[in-house]
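The values are calculated or read from the model by the stated rules, or taken from the named source; none is laboratory data. These figures come from a predicted structure and were not determined experimentally. Cβ placement follows ideal geometry from the backbone for every residue including glycine, while neighbour counts extend to all protein chains displayed. Protein only, heavy atoms only, side chains kept; ligands, DNA and RNA dropped before computing areas. Shrake-Rupley method; radii C 1.70, N 1.55, O 1.52, S 1.80 Å.
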Amino acid sequence: MTKTWLLPVLILVVTGPVLAERPIVIAHRGASGYLPEHTLAAKALAHAQGADFLEQDVVLTSDGVPIVSHDIHLDRVTDVALRFPERARPDSRYYAIDFSWPEIQQLRVVERVNEAGKAAYPNRFPTGTPLFRIVSLKEELQFIQGLNRSTGRNVGIYVELKQPAFHHREGQDLSLITLGILRTFGYEAADDQCFVQCFEEAELRRLREKLQTELRLIQLVSDGKEWQSLLQNPTRLERRLQSISEYADGIGPSLSLVVSGGQGDQDFSETPLVPAAHRAGLEVHGWTFRSDQLSCGAKDFGQLHRWTQAVGLDGYFTDFPDKTVHFLRDDVP
Ligand code: CA
């Protein structure tokens, strides 16, 4: 009788864990296409939809509690202006760092609105439905580890330090406090299921060199003059990526720096970014996959996934984890 089970076992032994070889799906602020961003409900849905990592954006309160919220401002995703109307700064914004953790807990989280107070994404969860509250980083990690235990899936975390330089100016050390909490939850080694991302290069270097974290670090990169000009100059691009590889394990670029819709017979065109990053030993995790706001000139969501798969993107920040899992993986039951 042939041992039919032997082949997959041998493949696993020879190639190592297959899961690590395929691109990772990162739930961007949770399953934020379906539920208000960074609520526990959005994280639970993303967990159930098969995301590999759940994202946390982190800012501090006045009493130094790390909370999970996308901005240093609270006004686009909570009812802070109704509850504490007199607490805006002269720029009319409400800053998380001006509120204590007990005050933050009184706020209700709602679907994101734009500057005009209208739904940022009109077809998503209704705005103004006050069913949710802001959670601390500690609560979020308890929640995810609880779900990991009850489901038997080991879903990772993907923490963004939001504007550390702003926090330093306000007298607070966002990175130090966040690393401390991560450590108490068992995230401290390079092979733990955890990434730390930031736009600020100086802070990422500090994390690696001064705070000596071993966690995997991702340098976020936005589409602007600097990177558009680097893409035109291969030598400078290689040098820049080499310098990032001194402290980071990967980059997190806007998708518009990776691919764009093609012309004539060409389906799409690829920029030099992904191959150059791979040569520098860096992973590339691109943002943001949104089926209700397509980027890069893609005609549909599947096309955007095919283009980015073809160029070897290693990580997908998506508002719709179920759809991204569907497009990337035929082997999902
Ligand atoms: Ca983020």
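Brief remarks follow.
- Checklist (1) open to solvent by less than 30 Å² (accessible area, probe 1.4 Å); (2) more than 16 Å from the ligand (Cβ to nearest atom); (3) farther than 30 Å from Arg22 by Cβ applied to Ala88, failing item: (1)
- The set of residues in region 170-188 being in a loop (DSSP other than H, G, I, E, B), farther than 16 Å from Phe53 by Cβ and not acidic (Asp, Glu) consists of Gly171, Gln172.
- Members of region 175-209 that are closer than 19 Å to Lys138 by Cα and touching a Pro at 6+ places or on another chain (Cβ under 8 Å): Ser175, Ile177, Thr178, Ile181
- Of Leu231, Leu211, Leu204, Leu176, all but one fail to be of a type in the set (A, V, I, L, M), at negative phi and buried (at least 18 other Cβ atoms within 10 Å of the Cβ); the exception is Leu204.
- Residue among Glu115, Glu103 that is outside any loop (DSSP other than H, G, I, E, B), out of contact with any strand residue (DSSP E or B) (no Cβ under 7 Å at 6 or more places or on another chain), over 30 Å from Gly156 (Cβ atoms) and away from the ligand (no atom under 16 Å from the Cβ): Glu103
- Among residues of region 40-77, those that are more than 15 Å from the ligand (Cβ to nearest atom) and either in contact with a strand residue (DSSP E or B) (Cβ under 8 Å, 6 or more places away or on another chain) or under 22 Å from Leu179 (Cα atoms) (or both), counted: 13
- Annotation note: of Ile144, Ile157, Ile134, the sole residue that is touching a Phe, Trp or Tyr at 6+ places or on another chain (Cβ under 7 Å) and either within 30 Å of Leu294 (Cα to Cα) or without any contact (Cβ under 8 Å) to a residue 12 or more places away in the chain (or both) is Ile157.
- Members of region 186-201 that are open to solvent by 40 Å² or more (accessible area, probe 1.4 Å) and either modelled with pLDDT under 95 or of a type in the set (Phe, Trp, Tyr) (or both): Phe199
- Restricted to region 217-325, the set of strands (runs of 3 or more DSSP E) holding at least 1 residues that are over 19 Å from Leu204 (Cα atoms) and within 17 Å of the chain's Cα centre (by Cα) comprises 283-289, 315-318.
- Selection of region 156-172 for residues being of a type in the set (A, V, I, L, M, F, W, C) and buried (at least 22 other Cβ atoms within 10 Å of the Cβ) yields Ile157, Val159, Leu161.
- Residue in region 196-203 that is part of a helix (DSSP H, G or I) and over 21 Å from Ile72 (Cα atoms) present: no
- Given (1) touching a Ser or Thr at 6+ places or on another chain (Cβ under 8 Å); (2) under 22 Å from Cys198 (Cα atoms); (3) of a type outside the set (S, T, N, Q), number of the condition Val109 does not satisfy: (2)
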